[in-house]
Amino acid sequence: VGGRRRRPALDATRDRTWHGFAVHSLELPRRGAMGNASGSSCLEGVRGASGLSKPFRPVPVTPKVGFKVCVCGGAGNLGQPLCMLAALDPLVSELAVYDRAISMLPPEGIAKDLDHIERRCRVKAYSLTSIKKEVDHLEECLTGCHLVLACVGVPIQGKKKEELVKYNGSMVKSIVEACAKFCPNAVVGLIVNPVTAVVPAMAKLYEKNGLDPLKICGITTLDVLRANKFAAEETGVPAELGRVPVVGGHSGHSNSASSLPLFSQDPAAARIPEARRAAFLQSVQELSAENSGTGASSRGKGATLSQAYAAWRFGNAVLSGLAGEKTDEFCFLKSDACPGVSFFASKVTFGLAGVEKIHPIGKISPAEQATLERIKAELVQDIQDGFDYAERTELSAGSTPTSPVSKA
């Protein structure tokens with residue numbers, strides 16, 4: 001008007017990853033977990049989307065039949081924001097918050113706090129003293145769960161990898177054996193170090209009990225977020241539209257950085273000079289090693305809010321798949337995506353049964369291929385460490401089992 005450009009109208013949009021978390025911004029295409037645009041309405045699932053009235057208070061609509069989610073370690077630095085993101089997601093109709101009674105905040109307080117949020121999600125807390133075992137006492141907590149997220153373990157600082165496998169493997173095993181007993185069909189997402197050893201160990205234990213090893217997934221999404229952010233800052237392309245795959249794995253230990261961002265597969269990042277891409281690769285790996293560990297944040301070094309966001313992006317992908325909307329995300333699991341290693345992080349499609357498709361690596365640059373060969377050698381050793389752990393132990397059915405470990 002009058003020779004001046006008209007400002008684009010603001011509209012309420014929602015980011016696909018947040019599944020109903022409405023914000024005011026310029027209208028953008030709806031995007032998938034990895035930035036894939038689709039033609040769906042930006043206001044889909046929000047009350048009052050047609051015929052908006054003032055004042056407009058966008059509230060996500062919870063499905064009549066949602067999913068049950070349990071966050072183990074839910075009272076910790078990472079668990080608290082993760083629980084909040086889960087409670088905000090309309091796909092979640094029931095949230096179980098579990099932690100030890102000695103946690104820095106009682107799980108009961110976390111659940112009561114979340115109960116004030118204007119969502120239909122029912123939140124209930126569960127806590128155990130140190131002498132009680134999850135496999136004996138978490139039947140109500142875990143029964144009916146579709147997704148279990150475990151953020152447990154000791155921080156990596158000052159510990160050798162062998163010590164981390166021993167200590168964190170034991171903590172995760174107590175959760176996994178309870179899942180095997182009470183919710184064997186649930187997808188179990190692990191935020192633990194070293195993920196490249198603990199995930200193979202837990203998957204092997206599942207196999208030994210006749211359960212599906214693909215139910216055990218290591219959450220590596222944070223490396224994907226970092227790679228997308230580095231590429232966005234270098235290219236000027238919005239970070240939320242980034243599609244940089246990160247494959248390999250991630251042990252979280254400074255002596256074994258096994259994540260590999262494939263900048264060559266992203267149209268914008270592929271234009272970044274090779275020297276800069278190499279620097280970004282090192283940055284992703286160094287950040288992963290320095291900021292890993294669910295307890296690291298207590299020392300002022302941990303990634304907690306971004307890790308919680310990354311973990312729930314994985315969780316939302318799983319639930320979206322279970323709801324009938326096939327969704328892609330990256331994780332570390334039993335895989336044939338990379339010849340020579342039996343566990344690998346790559347793009348996975350989640351569907352009605354959980355893991356539906358494990359995607360191949362695809363075409364990569366010569367420099368990325370050279371890095372992949374180095375990473376494969378590290379992964380083989382980490383995976384073997386996990387298998388060795390699994391050979392030395394068994395999943396417990398509990399001291400007073402109601403029934404043996406079951407597939408149903």
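The values are calculated or read from the model by the stated rules, or taken from the named source; none is laboratory data. Since we're looking at a predicted model, the values are computed, not measured. Here the Cβ positions follow ideal geometry from the backbone for every residue, glycine too, while neighbour counts run over all protein chains shown. For the accessible areas, the whole protein counts, side chains as well, though only heavy atoms, and no ligand, DNA or RNA atoms are used. Shrake-Rupley method; radii C 1.70, N 1.55, O 1.52, S 1.80 Å.
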Quiz item: Under 7 Å by Cβ, and 6 or more places apart or on different chains, what pairs join a residue from region 375-397 that is under 18 Å from residue 341 (Cα atoms) and assigned to a helix (DSSP H, G or I) with one that is open to solvent by 40 Å² or more (accessible area, probe 1.4 Å) and of a type in the set (Gly, Ala, Ser)?
Solution: 376/340; 383/342
Self-check item: Sole exception among (1) open to solvent by less than 10 Å² (accessible area, probe 1.4 Å); (2) more than 21 Å from residue 311 (Cβ to Cβ) for residue 210, by number
Solution: (1)
Exercise. Kindly establish whether residue 172 is among the β-branched types (Val, Ile, Thr), under 13 Å from residue 201 (Cβ atoms) and in contact with a Leu (Cβ under 8 Å, 6 or more places away or on another chain).
Key: yes
Quiz item: Which one is modelled with the highest pLDDT, of the residues in region 211-260 that are more than 23 Å from residue 360 (Cα to Cα) and assigned to a loop (DSSP other than H, G, I, E, B)?
Solution: 211
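Can you confirm whether residue 154 is at pLDDT 95 or above, open to solvent by less than 70 Å² (accessible area, probe 1.4 Å) and among the β-branched types (Val, Ile, Thr)? Spell out the reasoning first.
On the way: at pLDDT 95 or above: no; open to solvent by less than 70 Å² (accessible area, probe 1.4 Å): yes; among the β-branched types (Val, Ile, Thr): yes.
So residue 154 fails the test.
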Exercise. Determine whether region 116-130 contains at least one residue that is open to solvent by 10 Å² or more (accessible area, probe 1.4 Å), under 26 Å from residue 169 (Cβ atoms) and in contact with a Cys (Cβ under 7 Å, 6 or more places away or on another chain).
Key: yes
Quiz item: Only one of (1) farther than 22 Å from residue 313 by Cβ; (2) open to solvent by 10 Å² or more (accessible area, probe 1.4 Å) fails for residue 191. Which number is that?
Solution: (1)
Quiz item: Where residues in region 75-97 are without any contact (Cβ under 8 Å) to a residue 60 or more places away in the chain, in a strand (DSSP E or B) and of a type outside the set (S, T, N, Q), which of them is surrounded by the most Cβ atoms within 10 Å (Cβ to Cβ)?
Solution: 97
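Each row is one residue, and each column tells you yes or no for (1) surrounded by 18 or more Cβ atoms within 10 Å (Cβ to Cβ); (2) touching a Leu at 6+ places or on another chain (Cβ under 6 Å); (3) at pLDDT 95 or above.
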position	(1), (2), (3)
302	yes, no, no
320	yes, no, yes
326	no, no, yes
330	yes, no, yes
337	yes, no, yes
